[in-house]
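Undergrad: Below you will find the structure I want to go over with you.
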Amino acid sequence: MRIDQELCICCLKCLPYCPVDAIINGPEGVYIDQELCAECGTCLRTAGCPTGALQEPEDVYKEPRSVRKFFSDPTTTHKETMIPGRGTEEVKTNDVTGRVKRGQVGIGIEMGRPVLGTKMTEVEKITMRLAQMGIQLEHNNPLFYLIDDPQKGTLKSWVKNERVVSCIVEFEIPFDMLKEVLQAIKELANEIDTVFSLDVVSRFDENGNIPTIPVLEELGICYRPNAKINLGLGRPLREE
Amino acid sequence: MTHSLHRRGDVESLRRDYVLLFTPAAGINHEGSHEKLEKIVDIVAEAGPTNIGSYDVKKNIYDGITIEDVKKNLRMSKVPRVRCCFSDKNKVLQVLKKVKEGDFGISVTVSGLIDEVLNMSKEINCKPHSINLSLGVWGRTEKLPDETIMEIVTMCGHGLLSKALVKKEAELVRKGKKSIRQAAEELARPCTCGIVNVDRAQDIISRWIARDM
């Protein structure tokens, strides 16, 4: 996003709407810090700029700025995945896609969420560690398309300096790797300069139990009392 | 993963917070899903959601559109989706019963307290398929704002609701320039999906202001 200095009347209406504090009221006027701006478009959609000074340049849809746009603005849809925003359908359609099967666990490491946002270099710390463990990223997640070397988990060079509201590192593993992977994630939490929200997806077992809970309890990892539950109403139903 | 998953708050506060997502699977059953979702929007509208949004027009019902607009514009998307939230468990149950009866074959997820959602699934006689558990926030958590602000901003799962706007709206309430409801509705506007629960935001602001007095 940019502010047209000719049009801006410094009403400051837009300032509080920016989720990454990129709109700056400086001595020369109000401007958008291009390093901080994640191109989420919230200011343009919501702040109601009275003069049209807030503008979205066309280059936000071109590399490298497009990384910011597609990961941060849920109103955009990735052409490869047909899915809006930075994630996938994950548990939302798991009853139909059968993506996470019994004996597997889906993991989402949502970098930058909540509040802080993330540089893609922080994301790369995670993807490199996962690659060392032989873990492959979910190919329906837009991050998959930004990986340069899947063996090393490195990102394409033009991506690294970009900043986004959040980016989900998403993958599936066999259930028996869960403990090892969660321990690695615990270590990674001490190495990053942002936050991440962490989640695990599983099928309910035949008896309606949640198979991940005993592993979490063993590792001393707390889970929240609220969760996201797929009710199994989609058709055709993929049991396995 | 997860835009409705990582909502903060204690159990009592979360008892008034349910997010419903109706999602065709792209490439599997999205063809012909528009009509089904239109019927689902009718069911949701009849129950009276706290909020509902539209990817298609990039707005929610606190940002200049109606539920009828949400329904009308579903056909703008190749893969349409419906996202909404409720603060009343009984309304959620009403929706789920009718959606199950309708046998639309569209995937339904409910984000809310685990026990409550599992009880609802029993009441409508369905067998839950999968669950996404939130393991909380990791890393540089010392950089995060206080928990009251976190409770509000995490209701927009795409992170578009800023802490600065929460502070500003609370300040306007304190100064008597806005009602708590008006502030809560303003806070819902950045979330285009329409899953900021305005009733719950109102509760949180009320609690916050009472605590500071």
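The values are calculated or read from the model by the stated rules, or taken from the named source; none is laboratory data. Just so you know, these numbers come straight off a predicted model, no measurement behind them. Glycine gets a Cβ as well: all are built from the backbone with ideal geometry, and neighbour counts include every protein chain shown. These area figures cover heavy atoms from the full protein model, side chains too; ligands, DNA and RNA do not enter into them. Shrake-Rupley method; radii C 1.70, N 1.55, O 1.52, S 1.80 Å.
Undergrad: Find the strands (runs of 3 or more DSSP E) located wholly in the stretch B:1-96 whose residues include 3 or more that are within 25 Å of B:ILE124 (Cα to Cα), among the hydrophobic types (A, V, I, L, M, F, W, C) and open to solvent by less than 20 Å² (accessible area, probe 1.4 Å), and list them.
TA: B:18-23, B:82-86
Undergrad: For the structure I just gave you, tell me whether A:GLU170 is under 18 Å from B:SER134 (Cβ atoms), open to solvent by less than 10 Å² (accessible area, probe 1.4 Å) and acidic (Asp, Glu).
TA: Here the answer is yes, as A:GLU170 does meet what is asked.
Undergrad: Which one is nearest to B:ASP199 (Cα to Cα), of the residues in the stretch B:18-59 that are of a type in the set (A, V, I, L, M, F, W, C) and away from every other protein chain (no Cβ under 14 Å)?
TA: B:ILE52
Undergrad: Is it the case that B:LYS91 is within 11 Å of chain A (Cβ to nearest Cβ) and either of a type in the set (Lys, Arg) or more than 14 Å from the chain's Cα centre (by Cα) (or both)?
TA: Spelling it out, it is not the case that B:LYS91 is within 11 Å of chain A (Cβ to nearest Cβ) and either of a type in the set (Lys, Arg) or more than 14 Å from the chain's Cα centre (by Cα) (or both).
Undergrad: Right, here's the next one. Which of the following residues is more than 7 Å from chain B (Cβ to nearest Cβ) and open to solvent by less than 60 Å² (accessible area, probe 1.4 Å): A:VAL201, A:VAL164?
TA: Only one candidate passes the filter, namely A:VAL164.
Undergrad: Go through the stretch B:181-200 residue by residue and tally those that are touching a residue at least 24 places away in the same chain (Cβ under 8 Å) and among the small types (Gly, Ala, Ser).
TA: 2
Undergrad: Hey, another quick one. Select from the stretch A:217-228 the residues that are free of Cβ contacts under 8 Å to residues at least 12 places away in the same chain and out of contact with any Leu (no Cβ under 6 Å at 6 or more places or on another chain) and list them in ascending order.
TA: Residues satisfying the conditions are A:GLU217, A:GLY220, A:CYS222, A:ARG224.
Undergrad: Also, quick follow-up: Just a yes or no: is a residue in the stretch A:148-156 in contact (Cβ under 8 Å) with a residue 24 or more places away in the chain and open to solvent by 20 Å² or more (accessible area, probe 1.4 Å)?
TA: Within the stretch A:148-156, one or more residues are in contact (Cβ under 8 Å) with a residue 24 or more places away in the chain and open to solvent by 20 Å² or more (accessible area, probe 1.4 Å).
Undergrad: Is it fair to say A:GLU122 is charged (D, E, K, R) and in a helix (DSSP H, G or I)?
TA: Answer is yes for this residue.
Undergrad: Follow-up question, since we're still on this one. Among the residues of the stretch A:217-236, how many are more than 7 Å from every other protein chain (Cβ to nearest Cβ) and either in a helix (DSSP H, G or I) or open to solvent by 70 Å² or more (accessible area, probe 1.4 Å) (or both)?
TA: The qualifying residues number 4.
Undergrad: I've got another one for you. Those residues that are free of Cβ contacts under 8 Å to residues at least 24 places away in the same chain, open to solvent by less than 50 Å² (accessible area, probe 1.4 Å) and more than 20 Å from A:THR118 (Cα to Cα), I need them from the stretch A:16-44; list them, please.
TA: Answer for the stretch A:16-44, where residues must be free of Cβ contacts under 8 Å to residues at least 24 places away in the same chain, open to solvent by less than 50 Å² (accessible area, probe 1.4 Å) and more than 20 Å from A:THR118 (Cα to Cα): just A:GLY26.
Undergrad: What's the total number of residues in the stretch A:176-185 that are under 22 Å from B:THR154 (Cβ atoms) and open to solvent by 10 Å² or more (accessible area, probe 1.4 Å)?
TA: 0
Undergrad: For the stretch A:183-206, how many residues meet the condition of being within 16 Å of A:VAL100 (Cβ to Cβ) and touching a residue at least 24 places away in the same chain (Cβ under 8 Å)?
TA: Count: 7.
Undergrad: Identify, please: which residue in the stretch A:156-194 is acidic (Asp, Glu) and out of contact with any helix residue (DSSP H, G or I) (no Cβ under 9 Å at 6 or more places or on another chain) and is, among those, farthest from B:ARG140 (Cα to Cα)?
TA: A:ASP176
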